[in-house]
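Taking it in order: structure first as structure tokens, then the write-up.
The values are calculated or read from the model by the stated rules, or taken from the named source; none is laboratory data. Quick caveat: nothing in here was measured; it's all calculated off a predicted structure. Heads up, the Cβs are rebuilt from the backbone with ideal geometry, glycines too, and the neighbour counts pull from every protein chain shown.
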Amino acid sequence: MKKYNPNEVKLLLGKAILKVTKSGNDLADFLKRTAYFYKYNFYSQLLINYIKSEAIACETSEVWTR
């Protein structure tokens, strides 16, 4: 998975917010997917959803390689 610098993260967050607020259906889809990521803050959930919307699990690479 690509690592993003702070400026890229800002840009991605802006795009993610626009995508989620585009329509009521987009917001509803986002809220359904956030149930998988209840441990993460709102901004992290936005980024997870924007970068990999089909994700159902999220952990560090160290956890996945154990």
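For the stretch 19-66, which positions are farther than 22 Å from residue 2 by Cα, of a type in the set (Asp, Glu) and out of contact with any helix residue (DSSP H, G or I) (no Cβ under 8 Å at 6 or more places or on another chain)?
Result: 29, single match.
Please go through the stretch 25-62 and pick out each residue that is surrounded by 10 or more Cβ atoms within 10 Å (Cβ to Cβ) and among the polar types (S, T, N, Q).
Residues satisfying the conditions are 34, 44, 45, 49, 53.
Do you know which of the residues in the stretch 1-43 that are in a helix (DSSP H, G or I) and of a type in the set (Val, Ile, Thr) is modelled with the lowest pLDDT? Give the steps one after another, and end with the answer.
Initially, the stretch 1-43 is screened for residues in a helix (DSSP H, G or I), giving 6-20, 24-37, 42-43.
Going one step further and asking which of them are of a type in the set (Val, Ile, Thr), we end up with 9, 17, 20, 34.
On the way: 9: 94, 17: 95, 20: 94, 34: 88.
Filtering the stretch 1-43 for residues that are in a helix (DSSP H, G or I) and of a type in the set (Val, Ile, Thr), the one modelled with the lowest pLDDT comes out as 34.
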